[in-house]
Amino acid sequence: MGLSSVASNSEGMQLCIFDLRRGQNEGQELDKILFFYPADLPFSTQLSVIGLSEGLITFTRIFSPEAACEVIEAERHSHVFFEAEPDIWMVVIVEKNKEAEAIWRVEGLRKVLKEVHSLFLMFHGSIRSLLEKEPAAGSVRSQLYIFIMDYLSDFLSSKKLQLPSFRDSLKERATVQMLTVGREAAIEVQSLVRVVESCTGSQSSHSLLLFQDLLVSTTLSPDDTINLFTYAVLRLTPRALSAGLSSWSYLRKGSAASTAVTGPTMGSTTSLSEPFHGSRGTSAGDDHSHAVRPLQHDRWSKGRDGFLITDIWQAEPGSLVSVTPSIWLQQTEEKMYLCAYQHKSLTFIFLIPVSSVINGEQGILAVKQLVLEHASLKMLKVEEKLSKGWGGENAYHVSGYRYLLVDGDRNLSRASPPGKVATLTKDSLLALSKLREEVDIEKSRAKWDNDGHEKDLEICTRARNNAWVISQVTRGKELYMVLENANETLLYASDAVQKFSNRYCNGAFSLD
Amino acid sequence: MPSHGPKYGRPDASGPGRKGSTRIWSDPPTNAPASVARGGARRNGLVYEGGNQRDWNAGMKERNTTSLLNRILVNCSSQAKLYGSCVAAKVPEVERDMCLKEFLALKSCMQRTLQRKAELRPGIIIFSRLNSEEPIDVCIPGSRGLFYDDGNKIILSPANDQVYSWKVVPFDPAAAPISDSISDGPILAIRFSLDGKLIAIQRSNHEIQFQHRETGETFSHTCKSESENILGYFWTDCPLCDIVFVKTSGLDLFAYNSDSKTLQLVETRKLNVSWYVYTHESRLVLLASGMQCKTFTGFQLSSVGMIRLPKFEMAMAKTEANNKPVLAAEDVYIVTVYGRIYCLQVDRVAMLLHSYRFYRDAVVQQGSLSIYSSKVAISVVDNVLLVHQVDAKVVILYDIFLDSRAPISAPLPLLLRGFPRSSSLGARSSFKDGESSEVASYPSDHEATMYGDDWTFLVPDLICDVSSKLLWKIHLDLEAIAASSSEVSSVLDFLQRRKLEAYKAKHLCLAMARTAILERRPVTMVAKAIDVLVTSYSNSFKTGYFKGTKAEKAQSSGAAYATIHGTSVNASRSDTTGKSVEREYVSGLDGESFERPTFSETDSDEDGNTGYVKPNSNGGSSKLLLGAETRRTGGQTSLHSENVGASNNILRSTLQPEALVTSPAISPDEMYTYVFAPVEEEMAGDPSYLVAVIVEFLRGCNLERIKVRPNIYALTAQLLARNERYAELGLFIINKILEPSKEVALQLLESGRHNRQTRKLGLDMLRQLSLHNEYVVFLVQDGYYLEALRYVKKHKVTTMRPSMFLEAAFASSDSQHLAAVLRFFSDNIPGFRSSPDHNTYYHLLNEMNMVAA
């Protein structure tokens, strides 16, 4: 099974989650650890890693109680910190390896931590609340373990964990990629959304509409949108579904993450949890065996009525009756049933408050029936409209440019297609990664300096191969750009940005 | 619709049938003048109307206490009766599903009654969906009969040596008759020429006498051959001839020579004719021939000439093998609906009403309607086909616009309105010219004589009650029809096609739209209803009801209304009807020549109709008066307050005067003002439902390419923001579902007070709209004064006050920034250095620096 091989092959990376409020007494330090990867590391090593992190956090809190330690740059390792919940910390330790790919951007790594935590929140609720429910933390640990291992399996590349490196500089995690639609299609989409919402019969139901891997419409809050979108792209969209079915396909394109080999990874749950529980020596019993594994591969499929079905969620531990998935919304902290309907490239996810469905599965079935009755025609129409307007994989390619556009206000990003980014030289990408690091620092500084007032920023650097690496931040929007084989004058670079801005960003980067 | 003269008249010796003749009723010439003087008491309709209103209210109170069953019985009596009589007819042979139709009608009526128990309108006691207007009193002492001249739209009543005529268009119960003296003698038919100069009186089967109205000169025209009878005659505006005689041997077309005062034979069409049907409205004469009288030849004598229609046969079911029924004249009706000409034929054996549509070179059978009465009559009001089921005393309504064969509503009885009741008459009496002063001893049983045997149905929408000598005009109670159906979209569709009472229909539509939204009906259903309204607006726009504003389609239609006035309304209307109908003749049929006469006639119809009002003889009831009255007095607008229901108070003061409304189509602007805005005010709680409805509306508008004014967009933005659905609002803006405009931008800025992202969207929109001033002001407000200055410089905005920037810079207490702003203005505005602003802030800057130092 893949897990052990991951463990043995990834000395380069460690990931841990610990709770500062636990294990305060001598001899109970192990209690702090909620998750450690690789799990087969001796406890002493685990404890030393966590001890170091804890010490640094405590120390830096003296100076900055609000935001303690963010990163430690040691000679051979980088420690990236993320306080997921109050006093619950996630730390990832990566090896600085001069060889090839091991060049990370701190913010990029932190985003990974954030993402996995957000997804966990969505499916299980906050770690703190789980801990409060079960102070022994046995099932929390197993849930975290299973969940994070499932998540990390996406980063597996030839039996090696590939965390986002400088190669992913023209990508932004925790953002949503949107489909650009015309007004008419947009109205049709909204009409569909409203009709489905009216079918659910609850005012606080929500929906998310995707076309291929792109978001078309959402009625969720920004954070929830990101989480559900991320999950949908990972497991629900047609591409994710087919990736599961035919992992051997040569035709699969897309990011390294989503092309992770999924075939041979996961074995049975028992073998998965073996190293963990074995080493912990706890008698957790079987409470882990029914832990929901929403990120498990190949567990979603399209039903005959067009709705996606899964057996991940089960009515009772061990039973074969699967129930409708449910998730937690971050904003309203409400539990919602998740239903997904798929028609060709269209994936329509709608969420119904658990509290509003009176008789459980029966109620859901009724709602689904209503949706089919009232909206399936509209879905057809919308799908047709969107397909007509869809420019294909490279729809958002702008020739001559390799770019990343981030709208921080709306959590949107758009980038050159991965295939095009791959044509950039390593030097350009490294330069860009460095530039982004700079901008990240500048941004976080501005955030602490002057809350609410956004600073503008513009950096153009000349890299090898006659490349311009440009970054511009204006009023919450960020633009990163690599122009290879470009004219050497700065004027050329700024002209290129202006042109791009006027053409594709409504002039957002050419205000003055 | 032609009248059936002979049925109600004295036995006619003049031939097999006289469908085209216009006699309604006539006394035998020898009869002594029957003086049933009812005086003007009958004209007190308005007084009565008022009194009636009170009765209604009283009735309502009472009704609220009566039992439900009672109400069902009262409300559904007609359906119950239908069903009962149907069952009675079939017993003892009881079979499954017998009288299903009747039963369903009764059932739906009962259900409706149950549903609407709370909202039963006072006064409309039974199903008063159809209201007859107040009648015209056509009673003349010594009258020897009543004739209807549909060419001139007058009722004629000869008495002694006079003939009295009442104009029925405009329909005015107070109209005084005009009298012409005629020579004595038998009268079989009487018609005025279209220019009103001649009176043609058929004296016998062989003779027609003509009389010049001014001079009184007369001349006669007699048939040459004894073998042929004159079946009837009619005046025409066909350029070929002036008058057409229909004889048993065919048609004779004559031209009138005013100099020699003679008729000249222009053309003869030889045919065997058993009887004929003619309506002036359609200019179509149908000649029946054959054993069963079911072979027809049609001619249309329109203003462009005479067109011969292909010969066709009507379908007749056989009772028994050897018994062939003969088609009678009174079973064939020519109706004009939506500018199309149809012929309706009653098949008494099959109990079906067959319809045929006339094209220039074809007659196409269109399908059949079921009838439930051995005697039926047809009326057309505002393009709605009314099939009177005389035996059952109900009317079934059909709107054959969409070729649908389903009735609009359940069978409805008539309600006589303004019927003079002796109790309400009191001592009031105002009399027609010179009439006797006998106060009416009004037969009290008149109220019960609905569909009496002596009712005659006239083309297209008149009913003559021969026994009481009252002429009624049928009038659709749109409100009641609307209330009778729960399917909003189909009712709206129906209302949107009503032109006669466009104002009322429009109000009803608006009210229904509002109600549907307020009641939170399913979005799909409301969407359907809204689609109907939008499509109808789009159609009315295309056909030019909003003439003169074509160029500014998106502009307020209020303005469009204002440009249309008085008679020009009618001009443009008929014109457009013509166009729209022409379009229907895509299949190579020459619609124009065929249809035009109909339109010119429709024209005059509508002329009348627009002006048609209840008379304002006593000012007390001015609430109910409109139309001509209003137009004469100019701006006075009194609206049908009772029409629109309680929730419409807001509208009264604002909607255009009724006379100016020519189409029930509702513009997007009106949708906003009269539907969305009021609904938004009334609707509490989650506005997402309203947003859903607006999205559907926008979808409809987008499909029809109708531009929507920004106020709807701004409202949507406001609704979304109020619900804190900022993400969706962002989507709406980014996808341009809410098109950019200053209103929307300002709304976003306003809503964005609690949401920075939304505020930014507003700012961006201002910038994209190149509203430099506003953009800069808001930038400075948000503290981005340096960015604003850069923007000012780039876009050369010259109208900004330096003090605004200086204040903002000073407020940020950053001396460097303040210095920069000062420097900017010193460099860019000549003379700034000597301005008080400069001095003040220069001083302040120095102070700041001092403190810092």
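The values are calculated or read from the model by the stated rules, or taken from the named source; none is laboratory data. Because the structure is a prediction, the values reported are computed rather than measured. Quick reminder, even Gly has a Cβ in these numbers, built from the backbone with ideal geometry, and neighbours come from all protein chains shown.
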Checking the condition more than 9 Å from every other protein chain (Cβ to nearest Cβ) and polar (S, T, N, Q), which residue from A:S198, A:S207 passes? A:S207
What are the residues in segment A:217-237 that are aliphatic (A, V, I, L, M) and at the interface with another protein chain (Cβ under 9 Å from one of its Cβ atoms), if any? A:L220
Looking only at segment B:697-726, which residues are within 8 Å of chain A (Cβ to nearest Cβ) and among the polar types (S, T, N, Q)? B:N702
Inspect all residues belonging to segment B:794-804 and state whether any of them is in contact with an Asp or Glu (Cβ under 9 Å, 6 or more places away or on another chain), in the same structural domain as B:N846 (by TED's automatic domain parsing) and basic (K, R). yes
Here is a check on your reading of the model: is A:S202 in contact with a helix residue (DSSP H, G or I) (Cβ under 8 Å, 6 or more places away or on another chain), outside the structural domain of A:E83 (by TED's automatic domain parsing) and surrounded by 21 or more Cβ atoms within 10 Å (Cβ to Cβ)? no
Consider only pairs whose beta carbons are under 6 Å apart and that are at least six residues apart or on different chains; among these, list those whose first residue lies in segment A:323-344 and is assigned by TED's automatic domain parsing to the domain that holds A:T237 and in a loop (DSSP other than H, G, I, E, B) and whose second residue is of a type in the set (A, V, I, L, M) and surrounded by fewer than 19 Cβ atoms within 10 Å (Cβ to Cβ). A:V323/A:A315
Unmet criterion (only one of (1) out of contact with any Ser or Thr (no Cβ under 8 Å at 6 or more places or on another chain); (2) under 21 Å from A:S204 (Cα atoms); (3) more than 8 Å from every other protein chain (Cβ to nearest Cβ)) for B:I694: (1)
In segment B:706-753, what count of residues is obtained for those that are of a type in the set (V, I, T) and under 19 Å from B:V777 (Cβ atoms)? 1
Could you grab me the full set of residues in segment B:772-815 that are more than 14 Å from every other protein chain (Cβ to nearest Cβ) and of a type outside the set (S, T, Y)? B:N773, B:E774, B:V777, B:M800, B:R801, B:P802, B:M804, B:F805, B:L806, B:E807, B:F810
Looking only at segment B:175-202, and only at residues there that are surrounded by 18 or more Cβ atoms within 10 Å (Cβ to Cβ) and assigned to a loop (DSSP other than H, G, I, E, B), the one that is modelled with the lowest pLDDT: B:A175
If I filter segment B:648-668 for residues that are buried (at least 20 other Cβ atoms within 10 Å of the Cβ), at pLDDT 70 or above and assigned to a helix (DSSP H, G or I), do I get at least one hit? yes
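Test A:K455 against the stated conditions and say whether it is basic (K, R), modelled with pLDDT under 90 and surrounded by fewer than 20 Cβ atoms within 10 Å (Cβ to Cβ). First the steps, then the outcome.
On the way: basic (K, R): yes; modelled with pLDDT under 90: yes; surrounded by fewer than 20 Cβ atoms within 10 Å (Cβ to Cβ): yes.
Considered against the rule, which asks whether it is basic (K, R), modelled with pLDDT under 90 and surrounded by fewer than 20 Cβ atoms within 10 Å (Cβ to Cβ), A:K455 comes out as yes.
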Subset of segment A:398-450 (residues that are among the β-branched types (V, I, T) and out of contact with any helix residue (DSSP H, G or I) (no Cβ under 7 Å at 6 or more places or on another chain)): A:V406, A:V421, A:T423, A:T425, A:V439, A:I441
Considering only segment B:203-243, state which residues are acidic (D, E), loosely packed, with under 14 Cβ neighbours inside 10 Å and without any contact (Cβ under 8 Å) to a residue 24 or more places away in the chain. B:E214, B:E226
Just the residues that are part of a helix (DSSP H, G or I) and facing chain A (nearest Cβ under 10 Å), please, taken from segment B:734-758. B:I734, B:R756, B:Q757, B:T758
Just checking, does segment A:32-43 include any residue being modelled with pLDDT under 85 and among the small types (G, A, S)? no
With respect to B:A788, determine if the residue is surrounded by 21 or more Cβ atoms within 10 Å (Cβ to Cβ), in a helix (DSSP H, G or I) and of a type in the set (G, A, S). yes
How about segment A:361-394: which of its residues are touching a residue at least 60 places away in the same chain (Cβ under 8 Å) and not in a helix (DSSP H, G or I)? A:W390, A:E393
Give the residues of segment B:265-292 that are surrounded by 23 or more Cβ atoms within 10 Å (Cβ to Cβ) and on the phi > 0 side of the Ramachandran plot, sorted by residue number. B:R283
Matching residues, segment A:102-126, being within 17 Å of A:I312 (Cβ to Cβ) and in contact with an Asp or Glu (Cβ under 8 Å, 6 or more places away or on another chain): A:M122
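Going by what's in this entry, would B:M512 be described as out of contact with any Ser or Thr (no Cβ under 6 Å at 6 or more places or on another chain), within 14 Å of chain A (Cβ to nearest Cβ) and either part of a helix (DSSP H, G or I) or not polar (S, T, N, Q) (or both)? Steps first, answer last, please.
Working: out of contact with any Ser or Thr (no Cβ under 6 Å at 6 or more places or on another chain): yes; within 14 Å of chain A (Cβ to nearest Cβ): no; either part of a helix (DSSP H, G or I) or not polar (S, T, N, Q) (or both): yes.
Taking the combined requirement at face value, the residue does not satisfy it.
Listed here are the residues, each with its yes/no results for (1) among the hydrophobic types (A, V, I, L, M, F, W, C); (2) in contact with a helix residue (DSSP H, G or I) (Cβ under 9 Å, 6 or more places away or on another chain); (3) surrounded by fewer than 23 Cβ atoms within 10 Å (Cβ to Cβ).
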| site | (1), (2), (3) |
| --- | --- |
| B:L462 | yes, no, no |
| B:V466 | yes, yes, yes |
| B:L471 | yes, no, no |
| B:A483 | yes, yes, yes |
| B:S486 | no, yes, yes |
| B:L495 | yes, yes, no |
| B:C509 | yes, yes, no |
| B:R521 | no, yes, yes |
| B:K528 | no, yes, yes |
